[in-house]
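Student: Next up is a structure, given as structure tokens.
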Amino acid sequence: MRKRIGLVGGSGLYSLPGLAVSEEVKLETPFGAPSDAFVLGEVSGVPVAFLARHGRGHRFLPSEVNYRANVWGFRKLGCPYLVSSSACGSMKLEYAPTDLVLPDQFLDLTKGRRSTFFGEGCVSHVSFSHPVSAYLLDVLASAAGETGAVAHRGGTYLCMEGPQFSTLAESRLYRSWGVDVIGMTNATEAKLCREAEIDYATMCLVTDYDCWHEEEAPVSVEAVLAVLKKNAETADRILVRALSSLDPERPPDCDGAMRFAVLSDPARVPADARERLALLMERYWK
């Protein structure tokens, strides 16, 4: 299968200008339906697969996104890399709206989401100390610099459940922990990408200061929408530049992450679980 670079767009990023579309693919997965059809094509000659995380028209809450189906779909379509873009709130004064943050750590405060492909007959524990691809961060940081974007490499993304924004007490608590940005999606994606042996990185586009900044109005949809268009244009420029430096044929750094991650005796894994996990585990179970 032809290798591709996976791209997932968040709030305000429902398509990718410059993408020469070859086809749209609707996938059936063992985990249900993805957020939308995958758009396949090329950007500057580089094969890509693009998916709108919340569906075109923004139809799914962060908690309703079928992350498992989305990531499974990227793996099925031959994507060893997934570059995410998403809106986020800034938890530090120096990260202003329209800035770009490239976090390398996550703090996951979501509740009740399915953030693993495993369970129901097959137990797995995969290493996740470094959840973001340094290779992808290098490429994205370089592309951001070349386009003149204000970018900050590194930091911690706090993933909250939502859909409500933070209370003031919560925002102040998160600030005391030293986190850098806050959002509602990326930690879940990163966990599933590790189990799918897909290298992951995210471009977090700052829209607001959450609600901790006493001299700024608390975050609202109106405030977010006011900067989304500019952020989307920034993300498009960086992605086009970054893609020219990415090689889909380069093996991901997390290749082999699942080789020794499964604790269950393969002989005792139920047939339905083996079928569900075949795309991820078949080469290890042969």
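Student: List the residues, sorted by chain then number, that are 5 or more residues from His152 or on another chain and whose placed amide H is less than 5 Å from its amide H.
Tutor: Leu100, Val101, Leu102
Student: Right, something else. If the viscosity is 1.002 mPa s and the temperature 20 °C, what Stokes-Einstein diffusion coefficient in µm²/s follows for the chain when Rh is the Kirkwood radius over Cα pairs?
Tutor: 112
Student: Sum up the lysine pairs in the chain that clear both bars: alpha-carbon distance under 20 Å and a spacing of 8 or more or different chains.
Tutor: Eligible lysine pairs with Cα atoms under 20 Å apart amount to 6.
Student: Which of the cysteines found in the chain have nothing to pair with, since no other Cys Cβ lies under 4.7 Å from theirs?
Tutor: Cys79, Cys122, Cys159, Cys193, Cys211, Cys254 - these cysteines have no disulfide-compatible partner (Cβ-Cβ under 4.7 Å) in the chain.
Student: Right, another one. Could you list Thr167, Thr202 so that the one with the fewest beta carbons within 10 Å of its beta carbon is first and the one with the most is last?
Tutor: Thr167, Thr202
Student: Still on this structure, I have one more. In a Debye calculation with equal point scatterers on the alpha-carbon sites of region 237-285 and no solvent, what is log10 I(q)/I(0) at q = 0.17, 0.24, 0.25, 0.33 Å⁻¹?
Tutor: -0.65, -0.91, -0.96, -1.27
Student: Given H placed 1.01 Å from N in the peptide plane, which residues other than close sequence neighbours of Thr110 have an amide H under 5 Å from its amide H?
Tutor: none
Student: Dipole magnitude of region 5-285 about its Cα centre, charges +1 at Lys/Arg Cβ and -1 at Asp/Glu Cβ only, in debye to the nearest 20?
Tutor: 500
Student: Using a Gaussian network model on the chain with a 10 Å cutoff between Cα atoms, which of Trp177, Trp212, Trp72 fluctuates the most?
Tutor: Fluctuation is largest for Trp177.
Student: For Met1, Met258, Met91, what's the fewest-to-most ordering of other Cβ within 10 Å of each Cβ?
Tutor: Fewest-to-most Cβ neighbours within 10 Å comes out as Met1, Met258, Met91.
Student: Tell me which DSSP H helices of the chain clear both cut-offs, 15 Å or more of axial length from alpha-carbon atoms and a mean Kyte-Doolittle hydropathy of at least 0.5.
Tutor: For the chain, where a helix must reach 15 Å along its axis and average at least 0.5, the hits are 134-147, 221-243.
Student: With springs only between Cα atoms under 10 Å apart, run a GNM on the chain and tell me which of Leu225, Leu40, Leu19 wobbles the most.
Tutor: Most flexible of the set in this elastic network: Leu225.
Student: A further question follows. Based solely on its DSSP helices, what 222 nm [θ] is calculated for the chain when runs of n ≥ 4 H residues each add -39,500 (n - 2.57) and the sum is averaged over all residues, nearest 500 deg cm²/dmol?
Tutor: Roughly -8500 deg cm²/dmol at 222 nm, from the helical runs in the chain.
Student: Using DSSP to call loops (not H, G, I, E or B), can you name the GluC sites (Glu not before Pro) in region 121-223 whose Cβ has at most 15 other Cβ atoms within 10 angstrom?
Tutor: The qualifying sites are Glu161, Glu214, Glu215, Glu216.
Student: Also: Going by amide H atoms built from the backbone, whose H comes under 5 Å of the H on Arg4, apart from near neighbours?
Tutor: Cys79
Student: Under a 10 Å cutoff between Cα atoms, tell me which one of Thr98, Thr147, Thr110 has the largest fluctuation in the Gaussian network model of the chain.
Tutor: Most flexible of the set in this elastic network: Thr147.
Student: Residue separation times 0.36 nm, minus the C-alpha to C-alpha distance between Arg259 and Ala271: what's the value?
Tutor: Gain in length upon complete extension: 2.4 nm.
Student: Hey, got the dipole for region 1-126? About the Cα centre, +1 on K and R Cβ, -1 on D and E Cβ, debye to the nearest 20?
Tutor: For region 1-126, the charge dipole is close to 260 debye.
None of the figures in this text is laboratory data; all of them are computed from the coordinates on show. These figures come from a predicted structure and were not determined experimentally. Cβ coordinates were reconstructed from backbone atoms using ideal geometry, including for glycine residues, and neighbour counts include every protein chain displayed.
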